[in-house]
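I have placed the structure first, in the form of structure tokens, so that the comments after it can refer back to it.
Computed from the coordinates by the stated procedures, all read-outs in this text should not be read as laboratory data. Keep in mind the model is a prediction, meaning the values are calculated, not measured. When we count neighbours, we look across all protein chains shown, and the Cβ atoms used for this are built from the backbone with ideal geometry, even at glycine.
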Amino acid sequence: MSANDHNSVEEKLRMLKEMREAGETRQVFLTVTREDVAALAGTIAERAPLAVSWAKAVVNRGSDATLDTALRLEGESAGHTFGTADRTEGMRAFLERRKPKFEGR
């Protein structure tokens, strides 16, 4: 099965990770279409704005950091988003089986 047999970027990345962990491949060239990128961007845009902002900050600040530093940054971001109205809305929406309405608070 090739990576192109799947539709979403997330599925392709998951499959490639599994292949690498199984020793099936050492180097992969992934083709991502504009539609793939647009779909992923749409998914990210539907998420809680504060959580997305913190996730971007952690990736930007932690990508070249040591594991300890990256884990500290991740923990800090979780702490900053834990008490937000968006987190409460996300939990409530999940429990009520509905789509959340995030407001960036």
FRET efficiency for Ala38 and Asn60, using Cβ-Cβ distance with R0 set to 25 Å, rounded to 0.05: 0.65
Helix 34-45 vs. the chain, principal-axis angle (Cα, 0 to 90°, nearest 10): 20
Spacing of the two label points (7 Å from each Cα toward its C-beta) at Ala45 and Arg92, in nm: 2.5
Rounded FRET efficiency, nearest 0.05, which uses the C-beta distance separating Arg72 from Ser8 and R0 of 25 Å: 0.20
Two-site FRET efficiency, Thr31 against Lys101, from Cβ-Cβ distance with R₀ of 22 Å, rounded to 0.05: 0.05
